1. Residue separation times 0.36 nm, minus the C-alpha to C-alpha distance between Asp52 and His285: what's the value?
2. Cα convex hull of the chain: mean projected area in nm², to one decimal?
3. Please state the relative contact order of the chain as a whole percent: Cα pairs under 8 Å, 6+ residues apart?
4. Report the equivalent ellipsoid semi-axes for the range 1-46 in whole Å, largest first, defined as the square roots of five times the eigenvalues of the gyration tensor built from alpha carbon atoms.
5. What is the calculated FRET efficiency for Glu180 to Ala107, with r their C-beta to C-beta distance and R₀ = 41 Å, to the nearest 0.05?
6. Would you mind counting up the charge near Ser241? Only other residues with Cβ under 12 Å from its Cβ, with Lys and Arg at +1 and Asp and Glu at -1.
7. Simple spin-label model, 7 Å along Cα-to-Cβ: His129 to Arg40 in nm?
8. Nearest 0.05, what FRET efficiency do His308 and Phe89 give at R0 = 30 Å with Cβ-Cβ as r?
Amino acid sequence: MSNKLTIGKGINAGLRAAMEHDPKVLVMGEDVGRLGGVFRVTDGLHKDFGADRVIDTPLAESGIVGTAIGMAMRGYRPVVEIQFDGFFFPATNQTFTQLAKMRRRSAGKLSMPVVMRIPYGGGIGAVEHHSESPEAYFTHTAGLRVMTVATPEDAYWGIQQAIRCEDPVIFLEPKRRYYEKAEVDLDLAYEDATPMGAARIARPGTDATLLAYGPMVKTALQAAEADTERSIEVIDLRSLSPVDYPTVVESVKRTGRLVVTHEATLTGGPGAEIAARVTEECFYHLESPVIRVAAFDTPYPQSRLEEHYLPDLDRVLDGVDRAFAY
């Protein structure tokens, strides 16, 4: 059966499938129960699975993550929702010093199957602290897996893969793409879904590689479509830690050019690490330096300025042009 779902509904369906598969899967967070979350991603789960498995928590991110760590140590698989990206920061101590390190600290005796769902990125006209792109904090922290989605199909299967993983997973959800629809094959066997951590070639090409993830994948595809003079290959990274470097490197060796785009700020962003790694592994194949197209190195602006702050079609195309200027 193939259904047309939004990304938000895809995550909801994936959560439902995971909860039906394993009674140890719990959902917890601020307003995830009766309200169904501020984006309604958990809508209906409280009614169908009850308050013991879909838990409305106090407004206390550190307490939410700390509780999830304790529950994971007792054999549960908690799925935590951080209501907005900028609300994560009170939980940094629990996340970086406890959640990320517990498996290593216990020499592997304790698994830590905690999923932290975080709506992230801009483009919705929100107020301060509601449009952050904190992915670099997570990818810099050893012990955390970091995933993000750009399609409803990845949303449906990706959340299930994250829940079944024995490591802690930061699951980043692009909030401005929540309501975009596409077909999802709900009858596909779990084992046949795209493997966790694998990048996806969203559009094949021969002249340059354009790498994006999460909310920027749609913009990258639009840029590739708009550039009628060149053949642009678009890669949806899907996993930020670990990165599927074999897929990226193989593409760059074929095309000779790489442009990386993301909503996070330029300095110290994920694109910087990818650029360094690709330069090391593809030095003799590169026709130009790796080009990064990112947000500006400033705090996220007021909503009326965000269209100028976030990378858009013109800035991505300019990045492609710069790659071909060498």
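Read the figures in this text as sums done on the coordinates, not as results from a lab. Since we're looking at a predicted model, the values are computed, not measured. Counting neighbours? That spans all protein chains shown, and the Cβs are built from the backbone with ideal geometry, glycine included.
1. 78.3 nm
2. On the way: hull surface 65.1 nm².
Across all orientations, the chain yields a mean hull projection of 16.3 nm².
3. Computed over the chain, the figure is 16 percent.
4. Details: eigenvalues 62, 47, 9 Å².
Largest first, the range 1-46 gives 18, 15, 7 Å.
5. Numbers: r = 43 Å, r/R0 = 1.06.
Rounded to the nearest 0.05, the efficiency is 0.40.
6. Details: positive: Arg145, Arg238; negative: Glu135, Asp167, Asp244, Glu273.
Every neighbour counted, the sum reads -2.
7. 2.6
8. So, using R0 = 30 Å, E works out to roughly 0.75.
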